[in-house]
Amino acid sequence: MVPDIIQAFHHYRQKYDKGRLLFVGGEISGKFRLSDYLDESLDDAIEVRRFIPNWEVPCLLNSLSCLIYTKSGYKVAQHAAIMLLEAVACNTPVIATEESLLGYPDILLDYAQLAFVDPDAGAEAISFAMAETAEAGRKGAVPGHKAYFEQGYARYVDSWYQCLHDAASGSDKK
């Protein structure tokens with residue numbers, strides 16, 4: 001899907017003469033490398049960052065027109081990456097596949113501003129979803145959004161980052 005996202009982005013830039021594409025990540029289990037799909041030096045509107053510190057995530061998400069979230073191929077359907085949770089908390093529109101949303105609670109998805117693409121969607125479909133999402137812009141938060149994130153989400157994020165910190169430092173606090 002990475003080549004289709006890049007092609008969709010180029011189509012979007014040709015049509016609207018604006019935009020920036022940011023890939024976050026790098027190598028996944030030795031099987032997937034972003035560098036196999038793109039050379040960011042060929043296009044100054046495309047950037048690859050291996051990691052984004054947690055304190056930069058809200059600012060980044062608030063600067064986006066949309067987030068393309070297409071994780072796939074996970075062995076555990078209950079896996080839920082924190083990026084989608086943070087996007088919803090920031091009211092950032094999300095373009096996603098059905099598979100990428102497996103494991104998320106329905107109530108979270110009720111608050112999300114979602115546009116769906118098929119996992120095999122080509123560049124044209126992704127470009128259309130990008131244009132449609134950018135044109136619609138951010139919608140106001142639906143009732144309950146703020147309370148949901150103030151109550152449960154903040155505790156979840158804090159515990160998630162503590163786990164990451166502990167793992168990175170080799171600590172095994174329980």
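Here is how the numbers come out for the structure above:
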item: Residue tally, condition in contact with an Asp or Glu (Cβ under 8 Å, 6 or more places away or on another chain) and either at pLDDT 70 or above or surrounded by 12 or more Cβ atoms within 10 Å (Cβ to Cβ) (or both), over the range 163-174; result: 1
item: Selection from the range 149-162 of residues that are at pLDDT below 70 and more than 19 Å from the chain's Cα centre (by Cα); result: 151, 152, 155, 159
item: Qualifying residue in the range 121-132 (condition: assigned to a helix (DSSP H, G or I), hydrophobic (A, V, I, L, M, F, W, C) and at pLDDT below 80); result: no
item: Hits in the range 91-120 (condition: among the acidic types (Asp, Glu) and assigned to a helix (DSSP H, G or I)); result: 99, 106, 110
item: Residue list for the range 50-87, filter: modelled with pLDDT of 80 or more and charged (D, E, K, R); result: 56, 86
item: Selection status of residue 34, among the hydrophobic types (A, V, I, L, M, F, W, C), surrounded by 10 or more Cβ atoms within 10 Å (Cβ to Cβ) and at pLDDT 80 or above; result: no
item: Pairs with Cβ under 8 Å, 6+ apart, first in the range 60-71 and assigned to a helix (DSSP H, G or I), second surrounded by fewer than 18 Cβ atoms within 10 Å (Cβ to Cβ); result: 60/22; 60/52
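The values are calculated or read from the model by the stated rules, or taken from the named source; none is laboratory data. Note that the structure is a prediction, hence the values are computed from the model and not measured. Quick reminder, even Gly has a Cβ in these numbers, built from the backbone with ideal geometry, and neighbours come from all protein chains shown.
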